[in-house]
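The values are calculated or read from the model by the stated rules, or taken from the named source; none is laboratory data. Since this is a predicted model, take the numbers as computed values, not measurements. Neighbour counts run over all protein chains shown; Cβ positions are idealised from the backbone, glycine included.
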């Protein structure tokens, strides 16, 4: 399918702005640039009855988090534990605030957004460790937070999709485990060997060089790339994983590994819904304030959450 006109408009906007590629910058400058531009195409922040900053005990100190509640009636609410994207190097609770508000409101649920440690200051498996610790703490303290432990989902985009899948794998033997996983163009194989990495290597915001920049900051060695905590696709047994919503974009280097993961889940007997946006690019999900496809994608993901939470 041809590149969507909306996507081309975004690419033209970026080109006209003169914004440098993140991989040409020191990581601290890359973070600052992302924070400055992340909300340009985001939706207006939705008003919610409860927004609360949290501090979650983690393996290396407290993990900042933010809770967004669409309903505050005293009854235990379903919740999405959300992990932001950004290649494990950039991104934050603050830059993802509009998206998390939208998911809470449209999903009629609570969202808890996790500010896990970033690389290169904190290399693999630091982000994974924080993400697992955060989910377990939320599960253990669900009652205090006003949440229903039987209706906890995990979800995120890109690196956040990677962490969501890895968390679901890590807690599969826990008493409280995710009832659902929302994986938005997830990174599932750090080895970068799928055909879409070649097909979409240049020209679509997330380039092969940028992915290599992220991976180099996050990984300690080549061996880390084959660790299932970094590459969830490489876990031998995917039986017993929670049902999944997997969204992929056609002009995305991560497209094929997202599809591959969804197909492996399906082969393991896990209910999976794959949503394809063939004319769109990696990152479009965050642009629902400007793009019709992004608005539709957020509404679709939120509807999937409502269905999943309503089935319990």
By my count, strands (runs of 3 or more DSSP E) wholly in segment 1-94 with at least 2 residues that are within 19 Å of the chain's Cα centre (by Cα) and at pLDDT 95 or above are 61-69, 77-83
Tally up the residues in segment 194-238 that are assigned to a loop (DSSP other than H, G, I, E, B) and either in contact (Cβ under 8 Å) with a residue 12 or more places away in the chain or over 26 Å from residue 172 (Cβ atoms) (or both), please. 20
Conditions (1) under 18 Å from the mean Cα position of the chain (by Cα); (2) farther than 30 Å from residue 11 by Cβ -> residue 254 fails only (2)
Residue selected from segment 151-193 under the condition buried (at least 24 other Cβ atoms within 10 Å of the Cβ) and part of a loop (DSSP other than H, G, I, E, B), by the criterion nearest to the chain's Cα centre (by Cα): 158
Based on this model, can you work out whether residue 244 counts as in contact (Cβ under 8 Å) with a residue 12 or more places away in the chain, farther than 30 Å from residue 133 by Cβ and surrounded by 19 or more Cβ atoms within 10 Å (Cβ to Cβ)? no
Pair list, Cβ < 6 Å and 6+ apart or interchain, from segment 157-168 residues that are farther than 8 Å from residue 86 by Cα to residues that are in a helix (DSSP H, G or I): 157/285; 163/131; 165/232; 166/128; 166/232; 167/131; 167/132; 167/135
Please determine, by comparing only the residues of segment 110-121 that are in a loop (DSSP other than H, G, I, E, B) and in contact with a helix residue (DSSP H, G or I) (Cβ under 6 Å, 6 or more places away or on another chain), which one is surrounded by the most Cβ atoms within 10 Å (Cβ to Cβ). 116
So, residue 135, is that one under 17 Å from residue 159 (Cβ atoms), surrounded by fewer than 23 Cβ atoms within 10 Å (Cβ to Cβ) and either in contact with a helix residue (DSSP H, G or I) (Cβ under 6 Å, 6 or more places away or on another chain) or in contact (Cβ under 8 Å) with a residue 12 or more places away in the chain (or both) or not? no
Subset of segment 239-261 (residues that are in a loop (DSSP other than H, G, I, E, B) and within 20 Å of residue 211 (Cα to Cα)): 252, 253, 254
